Amino acid sequence: MSAPARARNRMMEAAVREARRRLRDGARERNLLARISPPQRQYLESRADIVIFGGAAGGGKTFSLLADPVRHRDVKGFRALVFRRTFPEINLPGGLWEASESMYRDLGGLPSYGAKSWSWPSGASIKFTHMQREADKFNYLGAEITMIGFDQLELFTESMFFYMLNRNRSLCGVKPYLRATCNPDPDCWVAGFIAWWIDPDTGFPLYGRSGVVRWFYRAGDAVRWYGSREEAEAAHPDLAAEGPPFSVTFIPAKLDDNRVLLEKDPAYRSKLMAMDRVSRGRLLDGNWKVRATAGSYFDRAEVERVDGLPGDMDAWTWVRAWDLAATEPNQENPDPSWTAGILMGYRAGDRKVLIAGLEHVRKRAGRVKSLVLDTAWSDGHTVRVTVPKDPGQAGKGQAEDFVAMLAGEGFMVAARPPGKAKEVRARPFAAHWQHGHVQVLAAPWNDEFFAEMERFPSGAHDDIVDACSDAYAELASEGRGFFDLLAEESH
């Protein structure tokens, strides 16, 4: 056989292999999409420039965000960039990277674990990245990205969104588009952006408007909305001369829409039901108007007051958690922060939590240090102690000082970094409280304890709440916690 004939045969064999691969991958894609929910299908079939999907937990947001760009895996030059706000979020259990591994590998994708990206023989690629700081958006100056995805858009700033929208361009043959998922947050900019699709009185999505497309031009910093492309262009002929308006839609989805998840994890609804009222209203019910007010998290009517310590003390695990301050009231600062030390116990048998003691003072650093040590001696060596490890060198030094002092006396002690925002930190304990699993020892300190707890998150002080949050987190870290709040973000 001549060399040209052999070359032709090789080309034909390669073409047959590629055709077979596409048939095989096409069958896998059809199988993958066979059981998607109606909202997911509506999301994947939308031709709008911008589609925002979700608005509750468990609606299949992560699956949908991943399934969308992989349909273009055979398009040379197709580039997708999918954002989480921070890099560690990409690697969360059930998150973008873990979910992509089973889906993309079955569709012929080649992973790059270091770059957190997937590529295909066509040259198409999908990459996961983050945009933690406002300045990170400038890393994409000059970029041309066919598909831009935002996982949990409510966590990004409005300026990040619109800056990246200007990077949404391509010459690969696929019309550039942007896709985003979200959870309800009445105080974020997304709530205003999708307000037309939300009932202004109830906060629930207007399901009759699901998938209905609206158009906008951005005049300066103002978004001007219109019911049709023609209406938008007529209202802004100067902008129309530069380009068409953006088309947008919002498609709500809830747990009830996701039969696959309900079959795989029948307990998922119970996990959402076990959350605090605010999180439950947003993540289970999909309500965009639920927000925390005084009493939303902690209501004294939901706890049981007990007259004495339990007789089965050995069945309880105990921790004393401190929220530290070091200022007495003075002329310049008549109402400084308090030092609060909460004694909390947990009984695994019935998941009861008992608040058995409160130290609540405003003293200078030396007297606070003495109080912490004296209280540890009073509580005894079976009670673990936690102190906050605040950011910065000063916070680190303070934590190390307290740890050294207490450990030197033989006490079990740990320094806990606050990490998350106060409301986020409080939610696990609030959920336990709201479901009737918390007892409070009747004592003279009860009034100031309940007063601060019920004012949260709008009260002037939250030192007692912070101490409770840390105490509960410490007990949970020992494997005795009741809730896994990662569930609210994983689907």
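Here are some notes:
- Pairs of lysines in segment 36-271 (C-alpha under 23 Å apart; 8 or more residues apart or interchain): 16
- Each principal axis of the Cα cloud of the chain was evaluated for its coordinate range; sorted largest first, these ranges are 93, 62, 43 Å.
- Near Ile198, the amide H atoms lying under 5 Å from its own belong to Leu206; only residues 5 or more places off or on other chains count, and H is placed 1.01 Å from N.
- Computed about the Cα centre, the dipole magnitude for the chain is approximately 2980 debye when only Lys and Arg (+1) and Asp and Glu (-1) carry charge, each at its Cβ.
- With semi-axes defined as the square roots of five times the eigenvalues of the C-alpha gyration tensor, the equivalent ellipsoid of segment 334-479 measures 22, 19, 16 Å, largest first.
- Ranked by how many other beta carbons lie within 10 Å on average, peptides 309-319, 116-126 from highest: 116-126, 309-319
- Applying the Karplus relation 6.51 cos²θ - 1.76 cosθ + 1.60 with θ = phi - 60° to segment 265-279 yields 3J(HN,Hα) values of 9, x, 7, 4, 4, 5, 5, 5, 5, 7, 6, 5, 4, 5, 5 Hz, where x marks Gly and Pro.
- Helix axis angle, 463-475 relative to the chain longest principal axis, alpha carbon, degrees: 70
- Between the Cα long axis of helix 392-408 and the first principal axis of the chain there is an angle of about 50°, rounded to the nearest 10.
- Sequence-distant residues sharing a close amide H with Thr386 (under 5 Å, placed H): Arg320, Ala321, Trp322, Ala414
- In terms of surrounding Cβ atoms within a 10 Å radius of their Cβ, Lys127, Lys271 rank from fewest to most as Lys127, Lys271.
- Against the chain, whose longest principal axis comes from its Cα atoms, helix 365-379 is set at around 80 degrees.
- Peptides 234-242, 281-289, 334-342, 360-368 ranked from most to least packed by the mean count of surrounding Cβ atoms within 10 Å: 281-289, 334-342, 360-368, 234-242.
- When the Cα atoms of segment 155-212 are aligned to their principal axes, the ranges along those axes come out at 44, 25, 15 Å in descending order.
Every number in this text was worked out from the coordinates using simple rules, so none of it is lab data. None of the values given here were measured: they were computed from a predicted structure. Quick reminder, even Gly has a Cβ in these numbers, built from the backbone with ideal geometry, and neighbours come from all protein chains shown.
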